[in-house]
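Q: Just dropping this structure here.
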Amino acid sequence: MGRILQTKNRAGAVSEMIRAGGAAGDLRLHEFRSRIFKNTRFLRVWLPPGYDDAENSGRYYPVLYLNDGQNLFESSTAFGGVEWGADETAERMIREGAIPPMIIAGIDHTGTERHREYVPYRSMHPMMLRAQGRRYPDFLIKEVMPFVENAYRVATSPENTGLGGSSLGALIALYTAIARPGVIGRLLLESPSLWAGNREIIKESRVVRIWPEKIFLAAGTAEAGSAERSRTVVDDVRELAAIMRRAVLSEKRLRMVITEGAGHNERAWGERFPEALRFLFGS
């Protein structure tokens, strides 16, 4: 995986982190214990080129928090061995000047508890009678974000704070943005599982008054195992986009992408990631 190193956070406290060897650029792994969920996972923090250079010591960076952190940076940990390539994409786009230098913080799921933590509603499909997703906003805002902000030079305003994910990871990102308005300024929703919990998230979206400043919402036309089910997924995404547009989200604030033939997988999400970064963080 890499070398275990000791590092000091901004308060001077010493902690251990792992510097990953299989990622492009500087990827650091922190073992993170949650009091809210009462479990442990890794946080995977990717730092932009030049972060440790002396001339940047006073610079603070935008940050994008992404769920399912295992799938973002390294094929060895990604589902099915296919990663998003978030590190390579971000590094290239930063060097090209397409986006500003920024931090990407991947939040690992915890395996068997993933569905429970990512679904905020009782559900029969998937079967989820003890859903824990309503705790996720506090987990992110009261535990994860303070940890990252204390360890790294993060610009903390909403316009510098992004959150995203795919599938159920997108569902809980959307729920978090709704439940804690004004915290997340950039929202990335890839193939969101809007059907979970009897489409309750769509019902809640209809009464939202404060949306993130920029939202990237995407899906493919081959999301599910049949053409009919795939159309349902796309129809849900279009309905959510229509709700957001009625809330006066212009094209400058909302980008919806429907990719012909794209499936429900890391390859599709990774291929759309450059466009998402450019829209959410580009000038």
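Q: On a C-alpha basis, how far is the centre of the stretch 84-115 from the centre of the stretch 211-255 in Å? Whole number, if you could?
A: Result: 22 Å between the Cα centres.
Q: Within a 10 angstrom radius of the beta carbon, how do Ile178, Ile184 rank from fewest other beta carbons to most?
A: Values: Ile178 20, Ile184 25.
So the residues, fewest neighbours to most, are Ile178, Ile184.
Q: How large is ³J(HN,Hα) for each residue in the stretch 85-90, as worked out from phi by the Karplus curve 6.51 cos²θ - 1.76 cosθ + 1.60 (θ = phi - 60°), to whole Hz, x for Gly and Pro?
A: Ordered by residue, 3J(HN,Hα) equals x, 4, 5, 4, 5, 5 Hz.
Q: Quick one: what are the phi-derived ³J(HN,Hα) couplings along the stretch 234-247, Karplus 6.51/-1.76/1.60 with θ = phi - 60°, whole Hz, x for glycine and proline?
A: 5, 4, 4, 5, 5, 5, 4, 4, 5, 4, 5, 5, 5, 7
Q: Same structure, new question: If the cut-off is a Cα-Cα distance under 20 Å, which aspartates and glutamates reach Lys214, setting aside same-chain residues fewer than 8 apart in sequence?
A: Glu159, Glu190, Glu204, Asp236, Glu239, Glu251, Glu271, Glu275
Q: Another question, then. Note the angle between two axes, namely the Cα long axis of helix 266-281 and the longest principal axis of the Cα atoms of the chain, as a number of degrees from 0 to 90, rounded to the nearest 10.
A: Tilt relative to the chain: about 70 degrees.
Q: Sequence-distant or interchain residues sharing an amide H contact under 5 Å with Gly220, placed H: which?
A: Thr259
Q: Just from its helices, what would the mean residue ellipticity at 222 nm be for the chain, if runs of 4 or more DSSP H residues each count -39500 (n - 2.57) and the sum is divided by every residue, rounded to the nearest 500 deg cm²/dmol?
A: On the way: 7 runs with 81 residues, N = 283.
The per-residue figure over the chain is -9000 deg cm²/dmol.
Q: How high is the relative contact order of the chain, given as a whole-number percent (alpha carbon pairs under 8 Å, six or more residues apart)? Write out the running numbers ahead of the final one.
A: Details: 573 pairs, mean separation 45.9, N = 283.
Normalised by residue count, the contact order of the chain is 16 percent.
Q: Taking the number of other C-beta atoms within 10 Å as the exposure measure, put Arg35, Arg245 in order starting with the fewest. Intermediate values should be presented prior to the final figure.
A: Details: Arg35 10, Arg245 14.
Neighbour counts put them in this order, fewest first: Arg35, Arg245.
Q: A follow-up question, please. Using Cα atoms only, what is the angle between the long axis of helix 196-205 and the major principal axis of the chain, expressed in degrees (0 to 90) to the nearest 10?
A: 80 degrees
Q: Counting other beta carbons within 10 Å of each Cβ, put Tyr61, Tyr118 in order, fewest first.
A: Numbers: Tyr61 17, Tyr118 26.
Ordered from fewest to most neighbouring Cβ atoms within 10 Å, Tyr61, Tyr118 come out as Tyr61, Tyr118.
Q: How high is the relative contact order of the stretch 94-248, in percent, with contacts defined as C-alpha pairs under 8 Å that are six or more residues apart?
A: Numbers: 216 pairs, mean separation 27.6, N = 155.
RCO, the stretch 94-248: 18 percent.
Q: Candidates (i) 23.5; (ii) 19.0; (iii) 21.4; which is the computed Kirkwood radius over Cα pairs in Å?
A: (ii)
Q: If I model a spin label at Ser157 and Glu88 as a point 7 Å from the Cα along the Cα→Cβ vector, what separation in nanometres do I get?
A: Here the answer is 3.5 nm between the modelled labels.
Q: Here is a follow-up. Treating the beta-carbon of each Lys and Arg as +1 and of each Asp and Glu as -1, no other charges, what is the dipole magnitude of the chain about its Cα centre, to the nearest 20 debye?
A: Numbers: 39 positive and 34 negative charges, 211 e Å.
The calculation lands at about 1020 debye.
All of the numbers you see were taken from the coordinates with simple rules; none came from a lab. All figures in this text were calculated on a predicted structure; none of them were measured in a lab. In this analysis, Cβ positions are derived from the backbone assuming ideal geometry, glycine residues included, and neighbour counts consider all displayed protein chains.
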